[in-house]
Amino acid sequence: MTGSSSGGANPLSAVLDARDVTRSFGDKQVLSGVDLRVGAGRISALLGPNGAGKTTFLRILTGLLLAEGGHVSVAGIDVGQDPMAARRHIGFFPSADRTFYNRLSGLENLAFFGRMYGIRRQEALARARKRLVDVGLSDAVDQRVGLYSHGMQKRLSMARALLMDPPVLVIDEATDGLDPEGARRVQDLTRSIAADGTAVIWTTQRLDEIRGFADAVTVLDQGRTTFQGTVEDLMLKSSARGYLLRLRTADATLDDDASRRAAAALGDRGKLARVGTDREHFRLDLEEHAVLGEVLADLSATGVVVLDCAQQRSELEESFLRLTTART
Amino acid sequence: MTGTRSGALAEALKLGAFFRRDLLVRLSYRGAIVSDWINLFAQALVFSFVSKLVHPIHINGGGRTSYIAFVTVGIAVAGFMAVGLARLVSAIQQEQSLGTLESLMVTPTTASVVLLGSVIYDLIYVPFRTVIFLIIVSIVFNVSFAASGYIPALLILAAFIPFVWGLGSIASAGVLTFRRGSGAIGFLAFALTFTSGAYFPLALFPSWVAPLASINPIGIAITGMRAQLIGGAGWHDALVTIAKLVPLSGITLLLGLYAFRLAMRRERRLGTLGLY
């Protein structure tokens, strides 16, 4: 673990408190001592490549799966000891597409799940209507869910997760498959829910969506926590930064001599490599201490003309790849 | 989180939500409802022709009743058994394949209520369907049932219902664990029904079938209901039949619920509840 911050949430007031959670399937250790504490009103992002253990961890948080070791509590209730009581305090947004009854309307689906929390039908209907409006499905209240688009089903999942105003909201890949407008709507809603005091665990693989959104980040890799801290802390973990350059000399594409001169000008500040067989496109990887402007100026001084310079990955993505072993 | 009810009453009240859900789903498949009734009557029609070939002397009661009256009770109870069992087995499997089982299991609802709730519609509809079938067939095929036998027969059916729930729960636990097995369950249901004398008098079977039928809850229920509806056997016979059925049904139901809880616990331990 390379950081210890819980993203500003006071551990003493953590609504969700998971400590040293372990879990294996057969011989495969899926989670090894994972910690996560989320305070009221905080959004904690959980990142990790496929197979990192994110979904297993979420399933333990929601009581769908038993942990082999460690302790998970929600609103002070031990999930392992009393999963039924703990579930009253959790809203869960599953990543799967099909989690509703397709022959029923959105309203009937939500009313049904509301009643599973022990509330009367009239109250379930009132809550369902309110949440359908909140997620922008007021025009599809009586439409069968089977006729909903992918984005509408995602929004319906959000409405269901929020139905009982839970103090903890567990969201698994909410924006997966959504268009930018749909993703933004879900994020805005989550932000406003958090502002009302809900602790949010937000799992995603879209790294850039956590910038300016999450208060804290936990990176899982092969069942281990490789980073915990703020988004800014995570960006500081970035080292090599990649850029795609279009380079020429004044009258031609770069020949081998010009390429060697450019590499020499770069020195130990990074690496310059041709992209495929293209004569104009180069990949520039800068080390942490290098300043892009200075590097480009030095390249120009060798007679190379920089036609274009585009960053290839965000600092977040670089950090994520550095912290995880997956490089696919 | 206000307005929530807790305890056993709250859990029981959730069954109403399951019933409404399945009623709405079934009503959205109107064609299936119509075809179910057509099939039931087609079956009765076939047996009405068969009854013309069977001399009443072969039927229990020594010629006092017709084969169509005899077999109608068998069809009704066997149909109840088949539909009830099939729904119990498929309900959880269907929730799994729909992806809704995990959504249900993250709510504060017990596994027993999820199981019972998933079949509550059929537990109410199938006995209703059975009674309506008996009434309509008695009118259409001019089968006369003893009016004094209606109430005792219904009580025998009520005593038999928990047996179907229990057997279905055991089967459901098996399917939850092994993901397959509905074929084996169907064969078991067929074997139990066929050797119960539902369609043919036990006298036509090998001699070893009769003793088995006497401890087979389906056989006990069918024989008891026939005695009431055709023979007008009276309350004493009905109570004897019910006394035989209650312990068998009770034990089967308890075993079923226990097996289902074990299966659900295993799924939670392995984390495979959502996999189908």
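The values are calculated or read from the model by the stated rules, or taken from the named source; none is laboratory data. Bear in mind the structure is a predicted one, so any value in this text is a computation, not a measurement. No Cβ is skipped: glycine too gets one built from the backbone with ideal geometry, and neighbour counts run over all protein chains shown. Heavy atoms of the whole protein, side chains included, go into the accessibility calculation; ligands, DNA and RNA do not. Shrake-Rupley method; radii C 1.70, N 1.55, O 1.52, S 1.80 Å.
Is it the case, given these coordinates, that A:GLY70 is more than 10 Å from every other protein chain (Cβ to nearest Cβ), out of contact with any Leu (no Cβ under 8 Å at 6 or more places or on another chain) and of a type in the set (Gly, Ala, Ser)?
Against the criterion (more than 10 Å from every other protein chain (Cβ to nearest Cβ), out of contact with any Leu (no Cβ under 8 Å at 6 or more places or on another chain) and of a type in the set (Gly, Ala, Ser)), A:GLY70 qualifies.
If you scan region A:113-130, which residues turn out to be open to solvent by 10 Å² or more (accessible area, probe 1.4 Å) and either in a helix (DSSP H, G or I) or aromatic (Phe, Trp, Tyr) (or both)?
Listed by number, the residues that qualify are A:ARG115, A:TYR117, A:ARG121, A:GLN122, A:GLU123, A:LEU125, A:ALA126, A:ARG127, A:ARG129, A:LYS130.
Go through region B:98-112 and count every residue that is more than 9 Å from every other protein chain (Cβ to nearest Cβ) and under 17 Å from B:ARG21 (Cα atoms).
1
For region A:134-148, what are the residues that are buried (at least 19 other Cβ atoms within 10 Å of the Cβ), β-branched (Val, Ile, Thr) and outside any helix (DSSP H, G or I)?
Passing the criteria: only A:VAL135.
So, in region A:290-307, of the ones that are in a helix (DSSP H, G or I) and not charged (D, E, K, R), which residue ends up nearest to A:ARG260 (Cα to Cα)?
Per the stated criteria, the residue is A:LEU299.
Which condition number does B:GLY99 fail, the rest of (1) modelled with pLDDT of 80 or more; (2) open to solvent by less than 10 Å² (accessible area, probe 1.4 Å) being met?
B:GLY99 satisfies all of (1) modelled with pLDDT of 80 or more; (2) open to solvent by less than 10 Å² (accessible area, probe 1.4 Å) except (2).
Looking at region A:13-31, which of its residues are more than 13 Å from chain B (Cβ to nearest Cβ), surrounded by fewer than 18 Cβ atoms within 10 Å (Cβ to Cβ) and either touching a residue at least 12 places away in the same chain (Cβ under 8 Å) or touching a Gly at 6+ places or on another chain (Cβ under 9 Å) (or both)?
If the condition is that a residue be more than 13 Å from chain B (Cβ to nearest Cβ), surrounded by fewer than 18 Cβ atoms within 10 Å (Cβ to Cβ) and either touching a residue at least 12 places away in the same chain (Cβ under 8 Å) or touching a Gly at 6+ places or on another chain (Cβ under 9 Å) (or both), then A:SER13, A:ARG19, A:ASP20, A:THR22, A:GLN29 are the ones that fit.
For A:ILE77, all conditions in the list (1) open to solvent by less than 10 Å² (accessible area, probe 1.4 Å); (2) hydrophobic (A, V, I, L, M, F, W, C); (3) more than 7 Å from chain B (Cβ to nearest Cβ) hold save one; what is the number of the exception?
Among (1) open to solvent by less than 10 Å² (accessible area, probe 1.4 Å); (2) hydrophobic (A, V, I, L, M, F, W, C); (3) more than 7 Å from chain B (Cβ to nearest Cβ), A:ILE77 violates only (1).
May I ask you to verify whether A:ALA174 is among the hydrophobic types (A, V, I, L, M, F, W, C) and closer than 22 Å to A:ASN50 by Cα?
Yes: the conditions hold for A:ALA174.
Restricting to region A:80-110, what's the tally of residues that are at the interface with chain B (Cβ under 8 Å from one of its Cβ atoms), outside any loop (DSSP other than H, G, I, E, B) and among the aliphatic types (A, V, I, L, M)?
3
Quick one: what pairs do we get from region A:133-149, first residue without any contact (Cβ under 8 Å) to a residue 12 or more places away in the chain, second outside any loop (DSSP other than H, G, I, E, B), C-beta under 8 Å, 6+ apart or different chains?
These pairs meet every condition: A:SER138/A:LEU132.
Do you know which residues across region A:80-112 are open to solvent by 10 Å² or more (accessible area, probe 1.4 Å) and small (Gly, Ala, Ser)?
Within region A:80-112, A:GLY80, A:ALA85, A:SER95, A:ALA96, A:SER105 qualify.
Does any residue in region A:193-217 that is under 13 Å from A:THR175 (Cβ atoms) and of a type in the set (Phe, Trp, Tyr) come within less than 6 Å, Cβ to Cβ, of a residue that is surrounded by 24 or more Cβ atoms within 10 Å (Cβ to Cβ) and modelled with pLDDT of 85 or more six or more places away or on a different chain, and which pairs are these?
From residues that are under 13 Å from A:THR175 (Cβ atoms) and of a type in the set (Phe, Trp, Tyr), the pairs are A:TRP202/A:ILE43; A:TRP202/A:ALA45; A:TRP202/A:ILE171.
Could you tell me which of the residues A:GLY197, A:GLY212 is out of contact with any Gly (no Cβ under 9 Å at 6 or more places or on another chain), in a loop (DSSP other than H, G, I, E, B) and on the phi > 0 side of the Ramachandran plot?
That would be A:GLY212, the only listed residue that is out of contact with any Gly (no Cβ under 9 Å at 6 or more places or on another chain), in a loop (DSSP other than H, G, I, E, B) and on the phi > 0 side of the Ramachandran plot.
Looking at region A:111-138 only, could you name the residues that are among the basic types (Lys, Arg) and either within 8 Å of chain B (Cβ to nearest Cβ) or within 26 Å of the chain's Cα centre (by Cα) (or both)?
A:ARG115, A:ARG120, A:ARG121, A:ARG131
Given the residues A:ALA273, A:ALA263, A:ALA252, which is the only one that is assigned to a strand (DSSP E or B), open to solvent by less than 80 Å² (accessible area, probe 1.4 Å) and without any contact (Cβ under 8 Å) to a residue 24 or more places away in the chain?
A:ALA273
Go through region A:216-248 and give me each residue that's open to solvent by 50 Å² or more (accessible area, probe 1.4 Å), over 23 Å from A:VAL291 (Cβ atoms) and in a loop (DSSP other than H, G, I, E, B).
A:GLN222
Return the residues of region A:174-231 that are more than 27 Å from A:MET152 (Cα to Cα) and of a type in the set (S, T, N, Q); say none if nothing qualifies.
Hits for region A:174-231 are A:THR218, A:GLN222, A:THR225, A:THR226, A:GLN228, A:THR230.
Tell me whether region B:56-67 contains one or more residues that are more than 10 Å from every other protein chain (Cβ to nearest Cβ), out of contact with any Phe, Trp or Tyr (no Cβ under 8 Å at 6 or more places or on another chain), among the hydroxyl-bearing types (Ser, Thr, Tyr) and without any contact (Cβ under 8 Å) to a residue 12 or more places away in the chain.
No, region B:56-67 has no match at all.
Residues are listed down the side, and each one gets a yes or a no for (1) surrounded by fewer than 24 Cβ atoms within 10 Å (Cβ to Cβ); (2) at pLDDT 90 or above; (3) in contact with a strand residue (DSSP E or B) (Cβ under 7 Å, 6 or more places away or on another chain); (4) under 21 Å from B:PHE18 (Cβ atoms):
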{"position": "B:TYR125", "(1), (2), (3), (4)": "yes, no, no, yes"}
{"position": "B:LEU155", "(1), (2), (3), (4)": "yes, yes, no, no"}
{"position": "B:ILE161", "(1), (2), (3), (4)": "yes, no, no, yes"}
{"position": "B:LEU167", "(1), (2), (3), (4)": "no, no, no, yes"}
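With the condition kept exactly as written, say whether any residue in region B:86-94 is part of a helix (DSSP H, G or I), among the polar types (S, T, N, Q), open to solvent by less than 10 Å² (accessible area, probe 1.4 Å) and within 14 Å of chain A (Cβ to nearest Cβ).
Checked against the condition, which is being part of a helix (DSSP H, G or I), among the polar types (S, T, N, Q), open to solvent by less than 10 Å² (accessible area, probe 1.4 Å) and within 14 Å of chain A (Cβ to nearest Cβ), region B:86-94 yields no hits at all.
Report, by residue number, each residue of region A:50-79 that is part of a loop (DSSP other than H, G, I, E, B) and within 18 Å of A:ILE171 (Cα to Cα).
Passing the criteria: A:ASN50, A:GLY51, A:ALA52, A:GLY53, A:THR62, A:GLY63, A:LEU64, A:LEU65, A:ALA75, A:VAL79.
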